[in-house]
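Questions regarding the structure given below will be posed in turn.
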Amino acid sequence: MKKESHIEICYLVDFRKTHEAEIPPCRRIYFGHETCEKLLPQFDEIEDLLEICEKRNLELSFVTPFLTDAGIEKVMRFLERLQSAKRHFEIVISDWGLLNLLTSNRVGTPVAGRFLIGQHTDFRLKRLSDERTEDKILSMNGSYYRLMHRKISPELSDHISACTLLKNRTSAYFCMLEIDRFELSNTLVPIKLSGDENFHFSLHTPYVPLSVFKTCPEGFELGKSRKSCNFRNCRRNREKWTNPGSGQEILCIDNALWYCNPEYESQLQDPRIDRVVFDISF
């Protein structure tokens, strides 16, 4: 990694199988689950993780997904116990209801998760913004045609590179709630940040979310859900296929689709991106 003095190195881990030897040197541990409330921890399941943080003097960030009412109640009960065990911690929030509740009750330090800021993650957008894309020659009915690649407008380029909810009144809403940290996905298109100059951003790599389902699908039969959900024994099995138009490999892990983009250093141009979160939970 390029040496960046202002970059905080963090790791997102699977709390169910965390061993100290597997966690590289860092300043902060992320844990929890971004897409499935059933895979959120019970408090007694993170005792080993808390011991590691205490021993190595690490900060802690609890990651949460979209939530049902029952899920919100479960998270609040968990946070009450976590607050008694650790004075300072962050809660990464992907649910507007939980965001309102936590900012009203001031439990921990709320952070806006990457599902709340309107970032465009579709890997196909890279082709639109890529100036090096060449024209294509197509053969149809014995004749050849040139399919010309046209450069997109600056306005469209800004739109697909932006976090849209940080460009309007939602940015002021976050300021009113005293939220100043936001999570980002390491998309294939360059990230152009707007919002308050005092905002801080965390870049997650290498996995980028494409879509989240209510329940786990049966592989890539996306309209068909698994008949049973033994979430405590969930093995996080991967299914993968390749998008024929782009060659991009897509992963189905738990109840979400992802792709992998390990190259992240080019996204660190804005000094407000002061944290990189490496996902080793998969």
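The values are calculated or read from the model by the stated rules, or taken from the named source; none is laboratory data. Note that this is a predicted model, so its numbers are computed, not measured. Here the Cβ is made from the backbone with ideal geometry for all residues, glycine too, and neighbour counts use every protein chain on show.
Across region 172-217, what is the total count of residues that are farther than 16 Å from VAL276 by Cβ and surrounded by 18 or more Cβ atoms within 10 Å (Cβ to Cβ)?
10
Scanning for something of a type in the set (Lys, Arg) and buried (at least 19 other Cβ atoms within 10 Å of the Cβ), does region 28-47 turn up at least one residue?
Applying the first criterion (of a type in the set (Lys, Arg)) to region 28-47 yields 28, 38.
From the residues that got through so far, the ones that are buried (at least 19 other Cβ atoms within 10 Å of the Cβ) too are 28.
Scanning region 28-47 turns up at least one residue that is of a type in the set (Lys, Arg) and buried (at least 19 other Cβ atoms within 10 Å of the Cβ).
Checking the conditions here, which among THR109, THR103, THR68 is in contact with a Phe, Trp or Tyr (Cβ under 8 Å, 6 or more places away or on another chain) and surrounded by fewer than 19 Cβ atoms within 10 Å (Cβ to Cβ)? Even if it seems obvious, please write down each step before you answer.
Working: THR103 fails: in contact with a Phe, Trp or Tyr (Cβ under 8 Å, 6 or more places away or on another chain); THR68 fails: in contact with a Phe, Trp or Tyr (Cβ under 8 Å, 6 or more places away or on another chain).
From the options THR109, THR103, THR68, the qualifying one is THR109.
Please pick out the residue among GLY142, GLY118 that is touching a Cys at 6+ places or on another chain (Cβ under 9 Å), modelled with pLDDT under 95 and over 24 Å from ILE29 (Cα atoms).
Details: GLY142 fails: touching a Cys at 6+ places or on another chain (Cβ under 9 Å).
Answer to the check: GLY118.
List every residue pair whose Cβ atoms sit under 8 Å apart, with the two residues 6 or more apart in sequence or on different chains, where the first one lies in region 242-271 and is under 13 Å from LEU210 (Cβ atoms) and the second, anywhere, is among the aliphatic types (A, V, I, L, M) and assigned to a loop (DSSP other than H, G, I, E, B).
ASN261/LEU188
From the set of residues in region 227-258 that are of a type in the set (D, E, K, R) and either loosely packed, with under 12 Cβ neighbours inside 10 Å or modelled with pLDDT of 65 or more (or both), which is farthest from ARG16 (Cα to Cα)? Give the derivation first.
We begin by selecting, within region 227-258, every residue of a type in the set (D, E, K, R); these are 227, 232, 235-236, 238-240, 249, 254.
Among the residues that remain, those that are also either loosely packed, with under 12 Cβ neighbours inside 10 Å or modelled with pLDDT of 65 or more (or both) are: 227, 232, 235, 238-240, 249, 254.
Details: LYS227: 23, ARG232: 9, ARG235: 11, ARG238: 18, GLU239: 21, LYS240: 24, GLU249: 27, ASP254: 15 Å.
Once the filter is applied, the top-ranked residue is GLU249.
Could you please tell me which pairs satisfy a Cβ distance under 6 Å, a separation of 6+ or placement on different chains, a first residue in region 90-104 that is of a type in the set (Asp, Glu), and a second residue that is assigned to a strand (DSSP E or B)?
GLU90/SER61; GLU90/THR109; GLU90/VAL111
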